[in-house]
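Structure provided below as structure tokens; questions to follow.
The values are calculated or read from the model by the stated rules, or taken from the named source; none is laboratory data. Predicted model, so just to flag it, every value in this text is computed and none were measured. Virtual Cβ from ideal backbone geometry, glycine too; neighbours counted across all protein chains shown. Heavy atoms of the whole protein, side chains included, go into the accessibility calculation; ligands, DNA and RNA do not. Shrake-Rupley method; radii C 1.70, N 1.55, O 1.52, S 1.80 Å.
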Amino acid sequence: MPIGAILWIALSGDGGSWQHIISNVMPRATGRTLELLFYTCLTTALFGITTAWLVVSFDFPLRRFLSVALVLPLAIPSYLAAYAFGEFFDFTGPLQTLVRQIFGYQSMRDYWFPDVRSLGGAVLVMSAVLYPYVYLACRSMFLMQGRAAADVARTLGAGPLRVFLEVQVPMARPAIAVGLTLVMMETLNDIGAVEYLGVNTLTFSIYDTWLNRGSLAGAAQLACVLLVFVVGLLTLERWARRRQRFASHKTTAAVHDIVRPRLGTARGLLATIFCAMPVIVGFAIPVFVLGDFAIRRLDHFTEPRLLKALEHSIVVSSSAAMLAVVLAFVLAYAARASRSPATKAAGRLASLGYGVPGTVLGIGVLIPLATFDNALDAFLRANLGISTGLLLSGTGFAIVYAATARFLTMAEGTIDAGFQKLSPHLDMAARTLGRSTGQALTSVLLPNLRPAVLTAALLVFIETLKELSATILLRPFNFNTLATLVYEDASRAQVEDASVAALIIILAGLVPVLLVSRTLDERRRS
């Protein structure tokens, strides 16, 4: 429905708005978006692939700690990282203050310092928090490869670097393609960071065209352009993974039983520094800046404005989590029970929501809901004299709808993975013991699926809690979540006041990151 609504609104607009967009908005916004995507992919690939190779292939100081810590930046939403970096690299921030103290500078005229509110700053922010997508994908792939291919290459005279570039990286191309696609999708979805850093991307242009210029048709037309980007990315990812399948003939235990050569003192130190850099930049700096602000404002934890936003966040996130889990369970169970083309098509269609940027989804959800609300209100006024107002679009329902549509993929994938671990013979055994299909589902499958269902609900809850791009478009008046509260304060240059809400979001975001780290550790030990 949201995609159909976007297309309908875009086609119903007049030609004048389209001409204005083509002439004045699209060239700059598209160019900036492509630049941001290119440099972010380049940086995330460099750090994601290299750090994964180092922690899998070699032993060096702090390797085990860093192999887990490299995932931590996933807990930091990009907009929070942008706000923290803006304060950290500011003239009055700790870094420039240290530079002035060391070299004796008195004012900004005495030295040059790069401006974080620029394209380069946006690349730094996005790369710092998104490289774990590439790291996780490549780390899993390098572990699955084992040592067999690398050992064969070494016996043929290839050095470690040549083995990495000519054997391991080509074999990891499917994983690299998946990781970079996720990076680009998240970059396209971001609005808080690019707006704060002054980078005019397509996503920000949609927001600006609708709310600041009052052109809904123009925003929908830009949203169609952004959808073309998304479809192009998904197509590119499929093309990059074509015929790229590699199978290991070793057992699981053998694959994970990797003997890592110990790096020398100098190389080991360099490897430790290189792997620690992304963790420091992507996690330690934002936590340090926002945590320092929050400690100075402990009284804000009981502020009515914050408590109300926290209440809204919990209600909306819980509702989205419950709805997504129910729908995901229906899809996953239908795929298990039926295996028909229709159920497969339904599952794939439901998974498209994650690929739609939140800004696009916001427009596509709000307009149909508002149209329904107005029609229902007019009908009841005319026939019963009752006014319902904006029943759906004027409440948190619109946010729940958008979050469910966007994060349904996450819930469906988690529950489907849980079903995959359950033998189909469980269903058959229950039926032979006299259970009906419904009884087998409730008494056998559901108890075994409880961890997967709880994990799916937790993931959707936390992602909805952090969501900003759709929420700022769909929230009713005087309705703030933690994310929009932080956004409002940062927009008024009051990042310090936003620090408490930001810290709550980060702490919540750490939960799925720790779950991922625990899963990786269990797989490594298995």
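Looking at region 159-186, I want the residues that are among the basic types (K, R) and have a partner that is part of a helix (DSSP H, G or I) with Cβ atoms under 8 Å, at least 6 apart or on another chain. Which pairs are those?
R162/A153; R173/A240
Just wondering, is there one or more residues in region 195-212 that are modelled with pLDDT under 80, over 17 Å from I6 (Cβ atoms) and not aliphatic (A, V, I, L, M)?
Yes, because at least one residue in region 195-212 is modelled with pLDDT under 80, over 17 Å from I6 (Cβ atoms) and not aliphatic (A, V, I, L, M).
Small (G, A, S), assigned to a helix (DSSP H, G or I) and closer than 30 Å to F88 by Cβ: does that describe A193?
When the stated conditions are applied, A193 passes them.
Take region 380-417 and flag every residue that is in contact with a Lys or Arg (Cβ under 7 Å, 6 or more places away or on another chain) and in contact (Cβ under 8 Å) with a residue 24 or more places away in the chain.
Selection gives I399 alone.
Next up: In region 491-512, what residues are of a type outside the set (S, T, Y), under 17 Å from L465 (Cβ atoms) and either open to solvent by less than 10 Å² (accessible area, probe 1.4 Å) or touching a Phe, Trp or Tyr at 6+ places or on another chain (Cβ under 7 Å) (or both)?
Matches in region 491-512: A498, V500, A501, A502, I505, I506, G509.
Looking at the structure I just gave you, is L270 surrounded by 11 or more Cβ atoms within 10 Å (Cβ to Cβ) and at pLDDT 90 or above?
When the stated conditions are applied, L270 passes them.
Among the candidates T437, T455, which residue alone is among the β-branched types (V, I, T), at pLDDT below 85 and open to solvent by 60 Å² or more (accessible area, probe 1.4 Å)?
T437
Quick one: L306 ticks every box in (1) in contact with a His (Cβ under 9 Å, 6 or more places away or on another chain); (2) open to solvent by 30 Å² or more (accessible area, probe 1.4 Å) bar one, so which box is it?
Just one mismatch for L306, condition (2).
May I ask you to list the residues in region 8-28 that are part of a helix (DSSP H, G or I), under 18 Å from G214 (Cβ atoms) and in contact (Cβ under 8 Å) with a residue 60 or more places away in the chain?
Selection gives I9, A10, S12, S17, W18, H20, I21, V25.
Quick one: count up the residues across region 462-480 that are open to solvent by 10 Å² or more (accessible area, probe 1.4 Å) and farther than 13 Å from A402 by Cα.
Final tally of qualifying residues: 6.
Additional query: What residue, among those in region 29-63 that are outside any helix (DSSP H, G or I) and of a type outside the set (A, V, I, L, M), is surrounded by the fewest Cβ atoms within 10 Å (Cβ to Cβ)?
Top of the filtered list is P61.
Here's another thing I want to ask about it. Provide a single number: the residues in region 403-427 that are open to solvent by less than 20 Å² (accessible area, probe 1.4 Å) and among the small types (G, A, S).
So the count comes out to 3.
Condition (residue is under 30 Å from A508 (Cβ atoms) and in a loop (DSSP other than H, G, I, E, B)) applied to region 334-357: is it met by at least one residue?
Yes; the residues of region 334-357 include at least one that is under 30 Å from A508 (Cβ atoms) and in a loop (DSSP other than H, G, I, E, B).
If you go through region 361-402 one residue at a time, how many are crowded, with 16+ Cβ neighbours inside 10 Å and closer than 22 Å to W210 by Cβ?
Within region 361-402, residues that are crowded, with 16+ Cβ neighbours inside 10 Å and closer than 22 Å to W210 by Cβ number 22.
Search region 115-128 for residues that are open to solvent by less than 10 Å² (accessible area, probe 1.4 Å) and pair each with any residue that is at pLDDT below 95 and acidic (D, E) when their beta-carbon atoms are under 8 Å apart and the residues are at least 6 apart or on different chains.
Between residues of region 115-128 that are open to solvent by less than 10 Å² (accessible area, probe 1.4 Å) and residues that are at pLDDT below 95 and acidic (D, E), the close pairs are G121/D115; M126/E186; M126/D190.
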